[in-house]
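> Below are the structure tokens for one structure; questions will follow.
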Amino acid sequence: MRAAIILGICLAALAAVPAEAATTYPLTLNNCGMDITVPKSPARVVAIKSTATEMLLSLGLADRIVGIGFQDGPLPDTLAAAGRDLKVLADKVPSSEVVLGTEPDFIYGGWESNFAGDAVGERPMLSRLGIASYVAPAACRTVKPPKLSFDGVFGEIAEIGAIFDVENEAAALVAAQSAALGAVVPDARGLTAVWYSSGTKAPYVGAGNNAPAMIMDALGLANVFGSVDDGWISANWEAVADANPDVFVLVDSAWNSAAQKKKLLAENPVTSRLDAVIHTRYLVIPFPASEAGVRNVPAVVDMARQLKALSFDTAP
Amino acid sequence: MSWPARTIAYLALWALLLASVTIAVTLGPAGISAGDAWGTIFHHLGLRADPPLSPLRDAIVWELRLPRVVAALGVGAGLALAGTVMQVMTRNPLADPYLLGLSSGAALGAVIFLLMGAALLMPLGAFLGSLGALALALLVAALLGGATPSRAILAGICIAALASAATSLLIFWSATGDSYREILNWLLGSLSGTVWSDAALVVVALIVCAPVILLSGRGLDAFAFGEASAASLGIDVARLRWTLLAATALLTGVMVAVGGAIGFVGLVVPHAVRLAVGSRHRVLLPASMLVGAIFMLWSDTVARSLFDPRELPVGIVTALVGAPAFLLILLRYRRIT
């Protein structure tokens with residue numbers, strides 16, 4: 001962990017050295033198994049999902065966004081002002097025609113499935129129309145991404161910085177996030193945790209290789225499902241009960257809020273007997289911060305504060 | 001089948017059922033020994049004074065595994081029984097318990113309740129939905145000029161198509177984030193999250209409906225030759241048909257409400273059992289129930305423990321096993337006829 005942080009700081013420093021760095025266009029890069037060419041800094045961008053929108057806003061690119069869709073929740077306070085006047089194309093994934101109607105030159109999708117034929121449109125089709133498409137690297141399915149680390153998250157920030165020729169802003173953001181992350185002291189109490197994302201009959205939980213694993217690792221929590229090589233899985237309540245975690249991480253979303261999860265855990269005859277439920281040891285994270293993006297580091301900082309406030313005097 | 005052979009077959013099936021239950025409650029992601037698992041059950045049945053396990057592990061056996069085992073047995077028996085009845089009443093080998101739009105109606109009801117934020121009341125929604133679909137199908141059939149089996153099937157197909165379209169539309173319209181995942185799992189058929197009240201619902205439905213069907217064995221034998229032949233044998237065809245239809249619908253509605261539309265059990269088990277014991281319903285019906293229960297119990301045990309710590313919807317297991325089994329049965333039939 002510490003090595004990763006130091007590496008992150010070094011990378012940030014490296015990126016910050018050529019202060020007047022500028023992107024040479026056309027820029028070609030491989031994104032999620034597809035070569036894309038960006039002829040000039042994109043001027044008309046459509047962002048699908050909160051992670052994409054928040055990345056662009058964090059780099060000061062609000063004026064490039066011509067439309068957003070499928071937002072998972074409200075913007076964080078730090079970005080609310082910048083994103084106040086964005087045009088919402090659709091609450092769900094906007095259709096291809098709606099997106100093309102905005103005449104975009106760049107589409108940024110938080111999930112690869114946003115580029116399905118019945119969603120925004122297939123990537124090769126968009127490419128033929130001269131529109132570059134970009135899938136958040138951690139959400140790529142065509143090519144299995146490496147286990148997510150904060151360097152991976154910072155890599156996405158740097159890549160977007162290069163695409164939009166805002167390297168300095170990207171480097172500054174990475175430097176600030178590295179510093180914030182470096183100030184977090186991982187919990188040393190040897191606690192175990194289950195990342196409860198959604199689901200009632202079978203819990204959908206964070207597994208070993210995506211944002212949940214990365215965040216729990218940074219907090220010093222041992223992920224009960226960390227050995228499963230996947231981002232999230234439909235787990236089974238017996239496996240959760242058997243592990244009897246010290247802490248539950250509850251993902252707070254509009255469709256399955258943290259309050260609903262607390263109620264379910266407290267009322268179920270089995271989960272109500274878990275130590276974390278008896279002693280109400282919960283950490284809460286807003287859904288948009290629970291997928292790879294610019295809100296991961298602030299979430300770690302916030303959850304480290306929540307974790308510090310929890311008492312473990314009675315058990316384990 | 002002669003009576004000694006029949007008795008031996010019944011005894012063998014009951015023994016297999018008991019052995020299956022004995023083993024199934026000891027299997028699961030949590031490492032609990034067979035002795036402790038049974039000690040816990042004996043404790044709750046009042047046969048043992050102190051619990052062998054901590055309250056949490058006690059709950060794993062008594063609140064997670066056992067209700068699921070009971071529900072799986074009941075759902076398997078119920079679906080196999082309902083499938084047998086539907087096949088003979090419609091004289092259609094492709095019939096299954098979901099024929100009259102029951103499962104599609106149930107899915108619609110469940111999705112409506114889920115999207116209203118009442119995930120825990122999904123069984124009630126499913127039950128109301130299946131009854132609604134059945135009532136509509138029979139009403140349409142009656143409007144077509146009397147509810148004969150073929151009209152009921154056609155009406156059922158219409159209602160099923162309408163209900164599925166409405167379900168898809170609702171999911172498309174209102175599923176946010178990843179809430180569709182829960183719906184998809186349920187649509188595939190799943191017993192995960194089964195609690196004692198679900199298991200009790202299944203058992204009560206069986207106690208109410210199964211005797212009605214089991215006691216109609218002779219009538220069903222006559223039905224196999226067509227309604228006219230049945231009538232000529234002195235059977236009140238209309239009354240028997242409505243009684244059986246009502247019992248089957250109630251049974252199926254409850255099974256779908258608890259487990260979703262678990263496929264292939266109600267289709268394959270009756271065929272397999274018929275191949276083994278013949279088509280006399282006094283033997284076929286109870287044997288189908290036993291085989292359905294055993295098949296379902298093992299499917300669910302695989303679904304909940306083989307991919308530890310993941311959970312697989314049991315409908316995938318029943319289809320994976322059921323589809324090839326159905327093919328084998330078809331090949332056997334071909335050789336016989």
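> Collect the residues in segment B:33-66 that are within 14 Å of chain A (Cβ to nearest Cβ), surrounded by fewer than 18 Cβ atoms within 10 Å (Cβ to Cβ) and not in a helix (DSSP H, G or I), keeping them in residue-number order.
Correct list: B:Ser33, B:Pro51, B:Ser54.
> Among (1) assigned to a strand (DSSP E or B); (2) buried (at least 23 other Cβ atoms within 10 Å of the Cβ), there is one condition A:Val284 misses while meeting the rest; what is its number?
(2)
> Which of the following residues is modelled with pLDDT of 80 or more, crowded, with 16+ Cβ neighbours inside 10 Å and closer than 30 Å to A:Ser197 by Cα: B:Ala155, B:Ala126, B:Ala165?
B:Ala126
> Right, here's the next one. All but one of (1) on the phi > 0 side of the Ramachandran plot; (2) buried (at least 16 other Cβ atoms within 10 Å of the Cβ) hold for B:Gly278; which doesn't?
Answer for B:Gly278: the failing condition is (2).
> Among the numbered criteria (1) small (Gly, Ala, Ser); (2) touching a residue at least 24 places away in the same chain (Cβ under 8 Å); (3) within 12 Å of chain A (Cβ to nearest Cβ); (4) assigned to a helix (DSSP H, G or I), which one does B:Ser197 miss?
(2)
> Here's another thing I want to ask about it. Considering each of A:Val174, A:Val194, A:Val205 in turn, give the residue that is in contact with a strand residue (DSSP E or B) (Cβ under 9 Å, 6 or more places away or on another chain), surrounded by 20 or more Cβ atoms within 10 Å (Cβ to Cβ) and either part of a helix (DSSP H, G or I) or in contact (Cβ under 8 Å) with a residue 40 or more places away in the chain (or both).
Answer to the selection: A:Val194.
> Another question, if that's okay. Of these, B:Ala247, B:Ala210, which one is modelled with pLDDT of 90 or more, out of contact with any Gly (no Cβ under 6 Å at 6 or more places or on another chain) and under 13 Å from B:Gly83 (Cα atoms)?
That would be B:Ala210, the only listed residue that is modelled with pLDDT of 90 or more, out of contact with any Gly (no Cβ under 6 Å at 6 or more places or on another chain) and under 13 Å from B:Gly83 (Cα atoms).
> Could you tell me which of the residues A:Pro245, A:Pro212 is within 14 Å of chain B (Cβ to nearest Cβ) and assigned to a helix (DSSP H, G or I)?
A:Pro212
> Can you say whether B:Ile235 is in contact with a Leu (Cβ under 9 Å, 6 or more places away or on another chain), surrounded by 19 or more Cβ atoms within 10 Å (Cβ to Cβ) and among the β-branched types (Val, Ile, Thr), as far as the supplied structure shows?
no
> Quick one: which residue in B:Val85, B:Val75 is closer than 15 Å to B:Leu206 by Cα, touching a residue at least 12 places away in the same chain (Cβ under 8 Å), away from every other protein chain (no Cβ under 14 Å) and in contact with a Gly (Cβ under 8 Å, 6 or more places away or on another chain)?
Going through B:Val85, B:Val75 in turn, the sole match is B:Val75.
> Right, something else. Identify, by number, the condition in (1) in contact with a helix residue (DSSP H, G or I) (Cβ under 7 Å, 6 or more places away or on another chain); (2) under 30 Å from B:Pro67 (Cα atoms); (3) within 12 Å of chain B (Cβ to nearest Cβ); (4) not acidic (Asp, Glu) that A:Leu265 doesn't meet.
(3)
Let's see how each residue does on (1) aliphatic (A, V, I, L, M); (2) assigned to a helix (DSSP H, G or I); (3) over 30 Å from A:Ala202 (Cα atoms):
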{"residue": "B:Leu154", "(1), (2), (3)": "yes, yes, yes"}
{"residue": "B:Ala163", "(1), (2), (3)": "yes, yes, no"}
{"residue": "B:Leu184", "(1), (2), (3)": "yes, yes, no"}
{"residue": "B:Ala205", "(1), (2), (3)": "yes, yes, no"}
{"residue": "B:Ala238", "(1), (2), (3)": "yes, yes, yes"}
{"residue": "B:Thr243", "(1), (2), (3)": "no, yes, yes"}
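The values are calculated or read from the model by the stated rules, or taken from the named source; none is laboratory data. Bear in mind the structure is a predicted one, so any value in this text is a computation, not a measurement. As a convention, Cβ positions derive from the backbone with ideal geometry for all residues, glycine included, and neighbour counts pool all protein chains shown.
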